[in-house]
1. Could you give the accessible area per residue of the stretch 249-335, probe 1.4 Å, as a whole number in Å²?
2. Hey, what's the stretch 33-183 come to in accessible area per residue, 1.4 Å probe, Å²?
3. Taking only C-alpha pairs under 8 Å that are 6+ residues apart, what is the relative contact order of the stretch 238-311 in percent?
4. Give me the net charge of residue 43's neighbourhood, meaning all other residues with Cβ under 11 Å from the Cβ of residue 43; Lys, Arg count +1, Asp, Glu -1.
5. Which log10 I(q)/I(0) values, to two decimals, does the stretch 171-320 give at q = 0.15, 0.17 Å⁻¹ under the Debye formula with one point per Cα?
6. Using all C-alpha to C-alpha distances in the stretch 127-226, build P(r) with 10 Å bins and read off the rounded percent in each one.
7. Carbon-plus-sulfur fraction of the accessible area of the stretch 240-294, 1.4 Å probe, in percent?
8. Give me the log10 of I(q) over I(0) for the chain at q = 0.07, 0.08 Å⁻¹, as the Debye formula computes it from C-alpha points; what are the numbers?
Amino acid sequence: MQSQFKSRVSQRGTSLVADAQADAGDSFAADVIAGLSARHKQLPPKYFYDATGSRLFKEICSTDEYYVTRSETVLLRHAAAEVAAGIPNGAALVEFGSGESAKTRLLLEAAPQLSIYVPIDISADALCEAAGRLARDYPQLRIAPVVADFTGHFRLPGAAGGCPRVGFFPGSTIGNFDRDGAVRFLRSVRQVLGIHAALLVGVDLIKDPATLTAAYDDSHGVTAQFNKNLLTRINRELGGDFEPNAFDHLALWNAAHSRMEMHLVSRKDQIVNAAGHSFAFRRGERLHTESSHKFTVEMFARLAADAGWTVNKTWISDAPQVALFRLEAALGENV
Ligand code: AVJ
C-alpha cells in the first residue's frame, strides 16, 4: 500500500512525501523529551494519529457523545450548495489535516468546478487510503496528496499553481492551537494559499460543560483508549516502557481558557523510560495531551481578523452546535 502510494504521488510530481517522513521520527523524540521534562508535562496532540490513533479517532466520531463530526457533517450537507457557489471555476481545494476526507466528499460532489484536490495529512496511512479511494470515485479530479505536518512549513505541489485556491480546515482542528498558535496558523495559511484565497473553517462552539465533557470522555472508553494510545506509540517508536494502564484518562472543561483539556493522570509514583531518558511521575501528576478550544461566533471572527482574514459567511448547525466560517483575505492586508 505504502509503496504504491509513493509511486502514485511521485507520478504526480511532488517530492514532499519522503522529506516529511524523514524528519518525523526525530521531532517525535525531541518533542517527547522536551514535553516530559517540562514542569507541567505535556505532549503535542498531533502525535495521536498513528494508524491505531487514526482508527480510534474514527471510532470516537461514531460514539453518541462526540457530536462534533456529526453536527458538522449535517451542517455541510445542508450548506454544500451555498458553499460551492463561492468556489471559483478550476479552483484547487487544499485541505489541512484531511484524514479520511469523508466530509470533503460533500464539497467535491457539490462543486464539480474544482480541478484539483490537495489533501495534507501527517498520517501517511490515512492519506494513502483516502487518496486511492478518491482517485477511483472522482476520475476527473487531480489529486495531489502531501504527507506533512500542516502546522509546519510546506509548499503546495506545483500542480496547484496558477489556479484559485480554497482552503478547507474542518473538524474543529483549529481548536488544538492556543490563541497565538491559531493566529500564526491562519496567517501562514494565507501565505500558502496566496492572494484572493478563501478559507472554510469548522469550529466548535461553546456550550454547556456537561455536553462538552461527555464528548471527551465517552461511556465506551474509546477516547480514553485514544489518549492512552499515545503512550503505546512512544513505547513502540521510541523504545519506551510506559504502562498505559498506570495512567487514568481525564477530560475537563477549562472555562478560563475556553477549552476542553485531556490529560493522562499517573496512578502512582513511577519512573518511565523513553527516547533514552528517564522521567519521574508523582501519583496524581498530569500529562497534558490535548486542548480543544471552543468559541463564540464573535470570538472566532476576532481571531480571524487578527490573522488578516474577514468572515464573509457563517453557518451554524443544529444543537450540539458547531460553526462553519467562510473567510476571505481582508482588504488592505499584506500577506
Ligand atoms: C480532531 C482535534 C478536532 O479536539 O475534538 C477527539 C480530537 N480529541 N476527542 C477534538 C479529539 C478527543 C478532535 N480534533
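1. 48
2. 41
3. 27
4. The answer is +1.
5. -0.89, -1.01
6. That works out to 11, 33, 32, 19, 4, in percent per bin.
7. Carbon-and-sulfur percentage of accessible area, whole number: 45.
8. Each listed q corresponds, in turn, to -0.28, -0.37.
The values are calculated or read from the model by the stated rules, or taken from the named source; none is laboratory data. Keep in mind that this is a model prediction, so the values were computed, not measured. Cβ: placed from backbone, ideal geometry, glycine included. Neighbour counts: every protein chain shown. Note: accessible area is taken over every heavy atom of the protein model, side chains too, but ligands, DNA and RNA are not part of it. Shrake-Rupley method; radii C 1.70, N 1.55, O 1.52, S 1.80 Å.
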